[in-house]
């Protein structure tokens with residue numbers, strides 16, 4: 001009887017010991033640090049078409065995890081192997097498998113801050129924006145040129161840039177092209193507050209026309225934003241008097257050569273809806289994506305009598321303004337002489 005009790009005690013102790021070993025291994029498997037990277041954190045990108053094997057390959061190929069087998073066991077235990085969620089994930093150094101799987105399974109992505117820049121063309125915008133996202137530059141270009149997009153937002157190829165308001169916005173890395181554009185349109189609608197709409201109505205311009213004029217104003221004055229309301233006032237005077245805008249930046253946009261530093265008379269004959277030397281009124285679309293400062297400069301334009309403007313010969317970026325052609329020609333001669341002196345062609 002005593003011998004039997006000893007055997008039972010031995011078996012019991014043995015089972016406890018085995019249980020402790022299994023528990024220790026299980027604890028280590030689940031809760032010991034398995035993320036081992038040289039930095040404080042890194043990012044894991046899981047594409048929309050990824051499966052569990054793709055995630056596993058990314059973690060191992062990037063040397064994010066130390067023990068692949070333990071990660072697989074915990075993933076299957078928590079059913080992450082069948083519930084992979086795409087996105088950009090911030091992986092902190094020292095994470096356990098339990099916490100890593102919880103993070104990936106939750107879909108709790110790291111937001112991406114996307115800067116919408118003030119650039120000249122839609123193609124340039126796509127080039128700048130696409131690296132923030134899973135979608136490609138060409139996918140964005142194709143969508144912005146598609147009938148589906150143009151019809152959905154009642155736009156044409158000229159007016160596409162007008163729905164993008166330069167600012168910094170938050171997205172998720174795996175946001176689709178369609179959802180990206182939808183949010184941009186929503187941000188555009190929010191930008192046009194009742195106050196801004198009232199100001200546009202007061203100067204008898206549509207939202208698109210305000211943005212087109214703002215793009216010209218900004219193109220004329222890149223360096224010194226404080227002068228933009230004056231330029232806006234000058235162009236509004238020309239619009240009201242049915243005087244061609246005669247804006248060099250619109251002509252440069254029509255030609256498509258943004259390296260041009262000096263406009264000549266023969267270039268003013270180029271046939272284009274953007275040539276404001278030949279055509280009355282505003283061009284059909286913006287010649288760049290204007291920033292908020294430029295849009296508000298139009299809405300809050302300086303009321304003046306100016307009709308003419310000419311860059312100052314000191315190359316400060318500022319302009320001379322006048323309502324007198326004779327005086328304007330004097331200013332223009334000074335500027336042309338300064339260009340000639342520097343052999344600027």
Taking residue 297 as the residue in question, decide whether it is in a helix (DSSP H, G or I) and touching a residue at least 40 places away in the same chain (Cβ under 8 Å).
-> yes
Selection count, segment 18-59, where residues are at pLDDT below 95 and either in a helix (DSSP H, G or I) or more than 37 Å from the chain's Cα centre (by Cα) (or both) | 15
Criterion (in contact (Cβ under 8 Å) with a residue 40 or more places away in the chain, farther than 30 Å from residue 168 by Cα and not assigned by TED's automatic domain parsing to the domain that holds residue 173) met by exactly one of 87, 94 | 94
Applying the selection to segment 185-199, what residues are assigned to a helix (DSSP H, G or I) and within 14 Å of residue 292 (Cβ to Cβ)?
-> 187, 188, 190, 191, 195, 196, 199
Of all residues in segment 66-88 being in contact with a strand residue (DSSP E or B) (Cβ under 9 Å, 6 or more places away or on another chain) and at pLDDT below 95, which is farthest from residue 35 (Cα to Cα)?
-> 74
Does segment 278-287 contain at least one residue that is in contact with a helix residue (DSSP H, G or I) (Cβ under 7 Å, 6 or more places away or on another chain) and outside any loop (DSSP other than H, G, I, E, B)?
-> no
If you go through segment 46-55 one residue at a time, how many are surrounded by 15 or more Cβ atoms within 10 Å (Cβ to Cβ) and touching a strand residue (DSSP E or B) at 6+ places or on another chain (Cβ under 9 Å)?
-> 2
Filter segment 259-271 for residues that are surrounded by 13 or more Cβ atoms within 10 Å (Cβ to Cβ) and closer than 15 Å to residue 219 by Cβ; which is farthest from the chain's Cα centre (by Cα)?
-> 263
Tell me, please, whether a residue that is closer than 15 Å to residue 296 by Cα and touching a residue at least 40 places away in the same chain (Cβ under 8 Å) can be found in segment 236-247.
-> yes
May I ask you to say which residue of 331, 320 is modelled with pLDDT of 95 or more, in contact with a strand residue (DSSP E or B) (Cβ under 9 Å, 6 or more places away or on another chain) and in a strand (DSSP E or B)?
-> 320
Restricting to segment 318-331, what's the tally of residues that are more than 18 Å from residue 239 (Cα to Cα) and either surrounded by 16 or more Cβ atoms within 10 Å (Cβ to Cβ) or touching a helix residue (DSSP H, G or I) at 6+ places or on another chain (Cβ under 7 Å) (or both)?
-> 5
Qualifying residues in segment 65-92 (those that are within 17 Å of residue 109 (Cα to Cα) and in a loop (DSSP other than H, G, I, E, B)) - the one farthest from the chain's Cα centre (by Cα) | 83
Those residues that are surrounded by 16 or more Cβ atoms within 10 Å (Cβ to Cβ) and in a helix (DSSP H, G or I), I need them from segment 106-123; list them, please.
-> 122
Check off (1) within 23 Å of residue 310 (Cβ to Cβ); (2) in contact with a helix residue (DSSP H, G or I) (Cβ under 6 Å, 6 or more places away or on another chain); (3) assigned to a loop (DSSP other than H, G, I, E, B) for residue 272 and give me the number that stays unchecked.
-> (1)
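Conditions (1) part of a loop (DSSP other than H, G, I, E, B); (2) at pLDDT 95 or above; (3) in contact with a helix residue (DSSP H, G or I) (Cβ under 7 Å, 6 or more places away or on another chain); (4) surrounded by fewer than 16 Cβ atoms within 10 Å (Cβ to Cβ), marked per residue:
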{"residue": "94", "(1), (2), (3), (4)": "yes, no, no, yes"}
{"residue": "126", "(1), (2), (3), (4)": "no, yes, yes, no"}
{"residue": "130", "(1), (2), (3), (4)": "no, yes, yes, no"}
{"residue": "141", "(1), (2), (3), (4)": "no, yes, yes, no"}
{"residue": "148", "(1), (2), (3), (4)": "no, yes, no, yes"}
{"residue": "156", "(1), (2), (3), (4)": "yes, yes, yes, yes"}
Out of the residues in segment 285-317 that are surrounded by fewer than 16 Cβ atoms within 10 Å (Cβ to Cβ) and within 33 Å of the chain's Cα centre (by Cα), which is nearest to residue 228 (Cα to Cα)?
-> 300
Which pairs do you get when a residue that is assigned by TED's automatic domain parsing to the domain that holds residue 93, found in segment 57-78, comes within reach of a residue that is at pLDDT 90 or above and part of a loop (DSSP other than H, G, I, E, B), reach meaning Cβ atoms under 7 angstrom, with the pair 6+ apart or on two chains?
-> 64/37
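The values are calculated or read from the model by the stated rules, or taken from the named source; none is laboratory data. Note that this is a predicted model, so its numbers are computed, not measured. Positions of Cβ are backbone-derived with ideal geometry, glycine not excepted, and every protein chain shown enters the neighbour counts.
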